[in-house]
Amino acid sequence: MKTVFLDTNVVVDLLQKREGFYQYSAQIFSLGFENKLQLFVSPITFSTASYLLRKLGTEAIKNVLKDLRLIVDVVEMDYDVIDNSLISNFNDIEDAMQYYCAKKCHADVIVTRNIKDFSESEINVLSPDAFLAEYE
């Protein structure tokens, strides 16, 4: 089974049903739900998603994130992830933390809409639509 690390933007595309992006995220999550892919996210994804969904209210956010947690595995963020991020060549520390979480779970691919943010990646990086095209 392919191990896929999802960047926060892909998760938020699903949760906010972002026009033009939702359909790709929904397909990826469906594959994860059907146990055809193993989906991973970092803890940052949950905190960022909760912030972006704040208009829903606390209980609704908790319910949405509980449902998300049923489909994804969360990579532990530890000293190694933080330390490697801080000495990396990534321009954005948050992207570096996402990357080192992806490395920690031995991801086959990072799926993101911001491919350029992962130019330092040794892991294959694909947009959601490119990932789906390659998966099929």
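Against the definition (surrounded by fewer than 18 Cβ atoms within 10 Å (Cβ to Cβ) and in contact (Cβ under 8 Å) with a residue 12 or more places away in the chain), how does residue 95 come out, yes or no? No, not satisfied. Looking across region 1-17 at every residue that is closer than 24 Å to residue 97 by Cα and not hydrophobic (A, V, I, L, M, F, W, C), the one that is surrounded by the most Cβ atoms within 10 Å (Cβ to Cβ) is identified as 7. Do the conditions hold for residue 134, that is, is it outside any loop (DSSP other than H, G, I, E, B), free of Cβ contacts under 8 Å to residues at least 60 places away in the same chain, surrounded by fewer than 17 Cβ atoms within 10 Å (Cβ to Cβ) and touching a helix residue (DSSP H, G or I) at 6+ places or on another chain (Cβ under 8 Å)? Against the criterion (outside any loop (DSSP other than H, G, I, E, B), free of Cβ contacts under 8 Å to residues at least 60 places away in the same chain, surrounded by fewer than 17 Cβ atoms within 10 Å (Cβ to Cβ) and touching a helix residue (DSSP H, G or I) at 6+ places or on another chain (Cβ under 8 Å)), residue 134 does not qualify. For region 12-36, a tally of residues being within 26 Å of residue 77 (Cα to Cα) and in contact (Cβ under 8 Å) with a residue 60 or more places away in the chain returns 4.
One line per residue, one yes/no per condition, for (1) assigned to a helix (DSSP H, G or I); (2) in contact with a Pro (Cβ under 8 Å, 6 or more places away or on another chain); (3) surrounded by fewer than 17 Cβ atoms within 10 Å (Cβ to Cβ):
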site: 45; (1), (2), (3): yes, no, no
site: 49; (1), (2), (3): yes, no, no
site: 61; (1), (2), (3): yes, no, no
site: 66; (1), (2), (3): yes, no, yes
site: 69; (1), (2), (3): yes, no, yes
site: 77; (1), (2), (3): no, yes, no
site: 83; (1), (2), (3): yes, no, yes
site: 86; (1), (2), (3): yes, no, yes
site: 89; (1), (2), (3): no, no, yes
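Can we say residue 41 is over 16 Å from residue 103 (Cα atoms), touching a strand residue (DSSP E or B) at 6+ places or on another chain (Cβ under 7 Å) and of a type in the set (A, V, I, L, M)? Working first, answer last.
Numbers: over 16 Å from residue 103 (Cα atoms): no; touching a strand residue (DSSP E or B) at 6+ places or on another chain (Cβ under 7 Å): yes; of a type in the set (A, V, I, L, M): yes.
It is false that residue 41 is over 16 Å from residue 103 (Cα atoms), touching a strand residue (DSSP E or B) at 6+ places or on another chain (Cβ under 7 Å) and of a type in the set (A, V, I, L, M).
Among the candidates 61, 71, 93, 28, single out the residue that is under 17 Å from residue 7 (Cβ atoms) and in contact with a Ser or Thr (Cβ under 7 Å, 6 or more places away or on another chain). It would help to see each step written out before you state the result.
Details: 61 fails: under 17 Å from residue 7 (Cβ atoms); 71 fails: in contact with a Ser or Thr (Cβ under 7 Å, 6 or more places away or on another chain); 28 fails: in contact with a Ser or Thr (Cβ under 7 Å, 6 or more places away or on another chain).
When all the criteria are applied, what remains is 93.
Of the residues examined, residue 41 is one that is surrounded by 20 or more Cβ atoms within 10 Å (Cβ to Cβ), within 11 Å of the chain's Cα centre (by Cα), of a type in the set (A, V, I, L, M) and within 24 Å of residue 120 (Cα to Cα). Residues of region 108-129 include none that is aliphatic (A, V, I, L, M), out of contact with any Phe, Trp or Tyr (no Cβ under 9 Å at 6 or more places or on another chain), farther than 16 Å from residue 3 by Cα and touching a residue at least 24 places away in the same chain (Cβ under 8 Å).
Read-outs throughout are calculated quantities, based only on the coordinates presented, and are distinct from any laboratory measurement. All values reported here derive from a predicted model rather than from experimental measurement. Here the Cβ is made from the backbone with ideal geometry for all residues, glycine too, and neighbour counts use every protein chain on show.
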